[in-house]
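Please read the structure below before turning to the comments.
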Amino acid sequence: MINLANKIKVYLDRTPDFLEEVKLQDDGQGAYIKEWNVEGVAKPTDAQLDALSSQATTLENNAIAVANRQKEYGSIAEQLEYITENGLDAWQTKVQEIKTKYPKESE
């Protein structure tokens, strides 16, 4: 269902309200759009959504990379403590190392 949600995000070029605008369901045979309430935008066909698979996968992989980065950055308090103890240049170096460790794909 995650990939379907990401295909919809790519299709709309934004994240819809999945409680009101787009309701997804999976009855064990695969996820599908149960309700489409996006004003001014036609419900996409399966073929239209399938054509967005690559972009949806990139979106999903980038979200994972960002989550991994945030975990390694630590809380804002931890980041400030690191900067205070080690300096801004050291922090910028650490951030670049984390970004290299968890790269985002081109969108």
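Cross-link check: pairs Lys9/Lys71; Lys9/Lys94; Lys71/Lys104 evaluated at a Cα-Cα cut-off of 26 Å; pairs beyond the cut-off: Lys9/Lys94.
The order of the peptides 47-54, 84-91 by mean Cβ neighbours within 10 Å, most packed first, is 47-54, 84-91. Karplus-based coupling profile of region 5-10, in residue order and whole Hz: 4, 5, 4, 5, 4, 5, with θ = phi - 60° in 6.51 cos²θ - 1.76 cosθ + 1.60 and x standing for Gly or Pro. Take every pair of alpha-carbon atoms less than 8 Å apart whose residues are at least six positions apart; their mean separation over the length of the chain yields a relative contact order of 27 percent. Counting only Cβ charges, +1 for Lys and Arg and -1 for Asp and Glu, the dipole size of region 1-51 around its Cα centre is about 100 debye. For region 62-104, the share of alpha carbon pairs falling in successive 10 Å distance bins from zero is 31, 52, 17, 0 percent. Placing pseudo-labels 7 Å out from each Cα toward the beta carbon at Tyr73 and Glu39 gives an inter-label distance of 3.4 nm.
Bear in mind that the values in this text are calculations on the coordinates, not laboratory data. Being a predicted model, the structure only gives us computed values, none of them experimental. Positions of Cβ are generated from backbone atoms using ideal geometry, with glycine treated the same way; all protein chains shown enter the neighbour counts.
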